[in-house]
1. How large is the convex hull of the Cα atoms of the chain per residue, expressed in Å³ as a whole number?
2. For the range 127-146 and the range 1-35, write down the distance between their C-alpha centroids in whole Å.
3. Are there GluC sites (Glu not before Pro) in the range 44-135 that DSSP puts in a loop and that have at most 11 other Cβ atoms within 10 Å, and which ones?
4. Round to the nearest 10 and give me the degree value, 0 to 90, for the angle of helix 14-25's Cα axis relative to the longest principal axis of the chain.
5. Suppose we flag trypsin sites (Lys or Arg not before Pro) only when DSSP calls them loop and at most 10 other Cβ atoms lie within 10 Å. Which is the longest uninterrupted stretch of the chain?
6. Given the options Phe142, Pro82, Gly173, identify the residue whose Cα lies farthest towards the positive end of the charge dipole of the chain (+1 on Cβ of Lys, Arg; -1 on Cβ of Asp, Glu).
7. Is there a quick way to get the dipole size of the chain? I mean about its Cα centre, with the Cβ of Lys and Arg at +1 and of Asp and Glu at -1; what is the value in debye to the nearest 20?
8. Would you list Glu15, Glu188 from fewest to most Cβ contacts within 10 Å?
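Any read-out appearing in this document is the output of simple, stated calculations on the displayed coordinates, not a laboratory observation. Please read all numbers here as calculations on a predicted model, not as lab measurements. Cβ atoms come from the backbone with ideal geometry, glycine included; neighbour counts cover every protein chain shown.
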Amino acid sequence: MSGKLFRQLENCNIERAACKLIRGFQGKIVKNEVAESLNLFTNIPCPETATNFSYEVPEALVIMFGANDALSNMIPKESYGPRLREEEEWMSVFNTNLKRVSLIHDYLLNEAIQGKATIGFHRMRDQQILFERLKRIGIKRFPLTNKRQFLRRVVTKKLSAFRVVNDLVCIHGVHDGCEIFWNGLGAEEHPQWHLKSEIQYDLGGNTSEYIKFLKNLDNL
């Protein structure tokens, strides 16, 4: 099944499905694993995060495969009711977040290529959650490949891989003598985020450039 489901979901209206799932889960208490994968999916709805979420909640596939814009296309935008207007606002946020993730990925790739950023992991963890996420979208490690080198290469170079582990990313830098931590969407986080994350980018002495970059993203 690995990879096949991902390819099927590439042809679905993922963003409209995300709207329906947001409504469906509003006010419900769910397991941590489901909440985390749902949060990732509804922050950056794309085939990668949809595939990941469907492994946690297979029932969601019915909504994903059936989602379409038939209703919204039948009604002029000026005649949208509160429900459709709200969904249009959500979809605008989805599009902005997807652009942010893509641009952040490009930035980190460039920094890594130039040797300005390093990629690390928690020494006491086996990164199994990262391998599982990648496997779900059809990215597998060859048996003799160094595990951490594989993760560094794949997550840094492949946008698809960066998307599916985005909620496990920590970006760290020092600016004006203070440590700063960001998540994979470029939002500033508490220092504890560094301990909770699975893959960590260290910006070294180039943090001020990243801060300028993030400010430009606010204009998307």
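1. Once divided by residue count, the hull of the chain is 141 Å³.
2. A separation of 21 Å, based on Cα centres.
3. Hits after loop and neighbour filter: Glu59.
4. Helix 14-25 sits at roughly 80 degrees to that axis.
5. Result for the longest clean stretch: 126-220.
6. Of Phe142, Pro82, Gly173, it is Phe142.
7. Dipole about the Cα centre, nearest 20: 880 debye.
8. Ordered by Cβ neighbours within 10 Å, fewest first: Glu188, Glu15.
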